[in-house]
Amino acid sequence: MTSDHAATSDHAADIDRHVRIYITVFVALMVLTIITVAISRVHLPVPIAVTLALIVATIKGSLVACYFMHLVSEKKLILAVLVLTAVFFAALLALPVFTVSDGYGVHE
């Protein structure tokens, strides 16, 4: 009977720890949302405002993916696939920058 009580107590402590982490991530997401709104209200130059907003959005997306989608506890293979996807995504976003700067498609 004592071992059942100890196992239940450990299980309850584990649940409390997970709930505390979820609440902390939720509060961080709310703070970052407020920061995003503040960035939009402050009259910054557009490139700086967009850069800051994208940095905050990346942090928020990372928090959601890591904790609410449980990627923090996933195996290395899944994380490697996620990193590879992010690299290809960044390459696709950078592609227009390289094609615009070479003058292709510019009619003079």
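Please treat every number below as a calculation from the coordinates, not as lab data. Small disclaimer: the values here were computed from a predicted structure and weren't measured. All Cβ positions, glycine included, derive from the backbone under ideal geometry; neighbour counts span all protein chains shown.
Report the full-extension gain for the segment ARG17 to VAL83: residue separation times 0.36 nm, less the Cα-Cα distance, to one decimal in nm.
21.0 nm
Working from Cα positions, state the angle (0 to 90°, nearest 10) between the long axis of helix 46-63 and the longest principal axis of the chain.
Tilt relative to the chain: about 30 degrees.
If you wrap a convex hull around the C-alpha atoms of region 1-83 and split its volume per residue, what is the figure in Å³?
Considering the Cα atoms of region 1-83, their hull volume per residue is 85 Å³.
For the chain, give the magnitude of the charge dipole about the Cα centre (Cβ charges: +1 Lys/Arg, -1 Asp/Glu; no others), in debye to the nearest 20.
Dipole of the chain, to the nearest 20 debye: 180 debye.
Among LEU79, LEU32, LEU93, whose mean-square fluctuation peaks in a Gaussian network model of the chain (Cα, cutoff 10 Å)?
Highest fluctuation among the options: LEU93.
With point charges of +1 on the Cβ of Lys and Arg and -1 on the Cβ of Asp and Glu, referenced to the Cα centre of the chain, which listed residue (ALA12, VAL81, VAL27) lies farthest in the positive direction of the dipole?
Positive-most Cα among the choices belongs to VAL27.
How far apart, in nanometres, would the label points at SER73 and LEU44 be if each is projected 7 angstrom from Cα along the Cα-to-Cβ direction?
So the label points at SER73 and LEU44 sit 3.6 nm apart.
Under the Karplus relation 6.51 cos²θ - 1.76 cosθ + 1.60, θ = phi - 60°, what is the ordered set of whole-Hz ³J(HN,Hα) values for region 71-82, x standing for Gly and Pro?
With coefficients 6.51, -1.76 and 1.60, one gets 6, 5, 9, 7, 6, 5, 5, 5, 5, 5, 5, 5 Hz.
Say we join alpha carbon atoms closer than 10 Å with springs in a Gaussian network model of the chain; which of PHE68, PHE98, PHE26 then has the biggest fluctuation?
Answer for the Gaussian network model of the chain: PHE98.
Given springs between every Cα pair under 10 Å in a Gaussian network model of the chain, which of LEU84, LEU29, LEU71 has the largest fluctuation?
LEU84
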